[in-house]
Amino acid sequence: MKDNYVIIMAGGVGTRFWPFSRTTNPKQFHDVLGVGKTMIQQTVERFEGICPQENIYIVTSEEYYDLCKQQLPYLSDDQILLEPSRRNTAPCIGYACYKIASKNPKANIVVAPADHIILKEEEFRKRINIALHFSEKNDVLVTLGIKPTRPDTGYGYIQFTESEGDIKRVRTFTEKPNLEWAVKFIESGEFVWNAGIFIWNVQTIKKTFEMFLPEMAEAFEEIKKEFYSEREAEALKKAYPQCKNISIDNGVMEKAENVFVVLSDIGWSDLGTWKSLYDVSDKDENQNVIDGQTLLYDTKNCIIKTPDERLVVINGLNGYIVAEYDNVLMICKKEDEQKVKEFVAAAGNKGKDFV
């Protein structure tokens, strides 16, 4: 295990989860599921037995340093990587991988978001270990592919080639398709959802960056002597503007030839929206998901998440999101949840305290 490392991406704001997720306190630092642990705490614990605690790295924004220290006090400052600006997932992953490489050139790495739900954690660990054993010995980029349960248009899809075993060669990546294509993908049996969880050894990912994102590779290579020193933050401020604002999918995974997928059934959700939280949560006899003190009358198919100190009385709602956090209350039809980004923009015009 000593060569296994985990990089957890925790820099996003999660605006689709507003008003719960805010610029100053995004959803990965909240107990979204009401289980007594925040999403980032659950994510870190999920990797127990995969790698030593000192090999877990969090990549986040400078403004979330205090939240990370409060919620993960056992991590050293060297394990909390602070991006000077948000530039999508490729620079964030590149920074962490090059930093780890400077310490351990034999590192075998898992990259995962901080805000996903995985209900079958033992099965998840099995799948990760399958991928790690494969990446340790081979020049490959591996991702987890989630067996789809419905033709969802909110996820990216991975097409794989038929072969024996759970590790398949990737044929194509497709960004979020329309419903017609999503149905065809499911019917073909050749597609899985892209979970955004990646596994590779550090030498392979460095070679891949050099091939497809050479400016980024050069920027991080130039500052490698500053990693794990007091000069790291200053060096990073010079390196980051040289990095393209691009996702790891667009920048690397969709271009490389040596990409494989481990088929996985792990109870996964990216928890990107209120509806996705509704889908994975326990419901009462009226199909309501409730987290708060409520009195409900003639109310069904709703998700209600409100402060414990507030009694919320609801009469006659069907299929609504009722969400209150801090100084904002939102009431919105579940089917209109795509409008949340509009609400956030409008709330920002009212004042930065609302976003």
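The values are calculated or read from the model by the stated rules, or taken from the named source; none is laboratory data. Here the structure is a predicted model, which means the values were calculated and not measured. Virtual Cβ from ideal backbone geometry, glycine too; neighbours counted across all protein chains shown. Quick note on the areas: whole protein, heavy atoms, side chains included, nothing else; ligands and nucleic acids left out. Shrake-Rupley method; radii C 1.70, N 1.55, O 1.52, S 1.80 Å.
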## Note on the structure
Within the range 302-324, residues more than 21 Å from Trp18 (Cβ to Cβ) and either open to solvent by less than 10 Å² (accessible area, probe 1.4 Å) or among the polar types (S, T, N, Q) (or both) come out as Asn315, Asn318
### Message
Given (1) assigned to a loop (DSSP other than H, G, I, E, B); (2) surrounded by fewer than 20 Cβ atoms within 10 Å (Cβ to Cβ), identify the lone condition not met by Val183.
### Response
(1)
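The rows are residues; the columns are (1) over 29 Å from Gln159 (Cβ atoms); (2) at pLDDT 95 or above.
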| position | (1), (2) |
| --- | --- |
| Ile246 | no, yes |
| Asp249 | no, no |
| Asp270 | no, no |
| Val280 | no, no |
| Lys283 | yes, yes |
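May I ask you to say which residue of Glu48, Glu54 is under 24 Å from Phe198 (Cα atoms), open to solvent by 40 Å² or more (accessible area, probe 1.4 Å) and free of Cβ contacts under 8 Å to residues at least 12 places away in the same chain?
Details: Glu54 fails: free of Cβ contacts under 8 Å to residues at least 12 places away in the same chain.
None of the other options fit; the residue is Glu48.
Give, as residue ranges, the strands (runs of 3 or more DSSP E) completely inside the range 1-105 that count at least 3 residues that are modelled with pLDDT of 95 or more, among the β-branched types (Val, Ile, Thr) and within 29 Å of Phe134 (Cα to Cα).
Details: elements: 4-9, 56-61, 80-83.
Answer list for the range 1-105: 4-9, 56-61.
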### Task
Return the total of residues in the range 125-155 being crowded, with 17+ Cβ neighbours inside 10 Å and in contact with a Lys or Arg (Cβ under 7 Å, 6 or more places away or on another chain).
2
### Task
Say whether the condition of being farther than 20 Å from Ala90 by Cβ, at pLDDT below 95, open to solvent by 50 Å² or more (accessible area, probe 1.4 Å) and not small (Gly, Ala, Ser) is met by at least one residue in the range 191-209.
no
### Query
Restricting the range 156-172 to residues that are more than 18 Å from the chain's Cα centre (by Cα) and of a type in the set (A, V, I, L, M), which is surrounded by the fewest Cβ atoms within 10 Å (Cβ to Cβ)?
Ile167
## Note on the structure
Considering the range 68-120, residues that are in contact with a strand residue (DSSP E or B) (Cβ under 6 Å, 6 or more places away or on another chain) and among the polar types (S, T, N, Q), and then whichever is nearest to Lys37 (Cα to Cα), we arrive at Gln79
#### Entry: Among residues of the range 226-246, those that are hydroxyl-bearing (Ser, Thr, Tyr) and surrounded by fewer than 18 Cβ atoms within 10 Å (Cβ to Cβ), counted
2
## Note on the structure
Flagged pairs (Cβ under 6 angstrom, 6 or more apart or on separate chains; first in the range 78-99, on the phi < 0 side of the Ramachandran plot; second among the β-branched types (Val, Ile, Thr) and in a loop (DSSP other than H, G, I, E, B)) are Ala90/Ile246
